[in-house]
Amino acid sequence: MRKLLFATFAALVVGLFGGCVTQKPPLYYYGTYPRTLYNSKKNPSPESVAKHQASIEDVIKVSKAKNLRVPPGIHCEYGYLLWQKGQKADAETQFNLEVTIYPESAAFMTLVLKTLKNEPAT
């Protein structure tokens, strides 16, 4: 009887205090990024790419507002989209931001920039 009473009390305490556990805050904010990325790859059009670019801009803006790190690769992808539009100085700024936030990406970003600069003009 004593064991049953103790088990019941223990279950009650765990149940009451188990609900008080706080969740960890999210590490990154993605917003609609996954959906717009999928749509821009599945149905590439100027509209879907523009929506995806707006989604990336939203991720950057909201991440800063919530004091979260921008997810890895976001500045790189945003820079690439800017580069394709001819905004090369802004693109390089985004590439540098990627390296600043994620120093381990430096070698990759250097390779990306070298590749883009050596591309023949179309």
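Listing for the model above:
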item	result
Nonlocal Lys pairs with alpha-carbon distance under 26 Å, region 31-117 (8 or more apart, or different chains)	22
Those chymotrypsin sites (Phe, Trp or Tyr not before Pro) in region 21-122 that DSSP places in a loop and that have at most 15 other beta carbons within 10 Å	Tyr28
Region 31-117: C-alpha gyration tensor shape, a/c 1.5 cut-off, then a/b vs b/c	oblate
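Taken together, the values in this text are just the output of simple stated rules run on the coordinates, not laboratory data. Since we're looking at a predicted model, the values are computed, not measured. Glycine also receives a Cβ, built like all others from the backbone with ideal geometry; neighbour counts cover every protein chain displayed.
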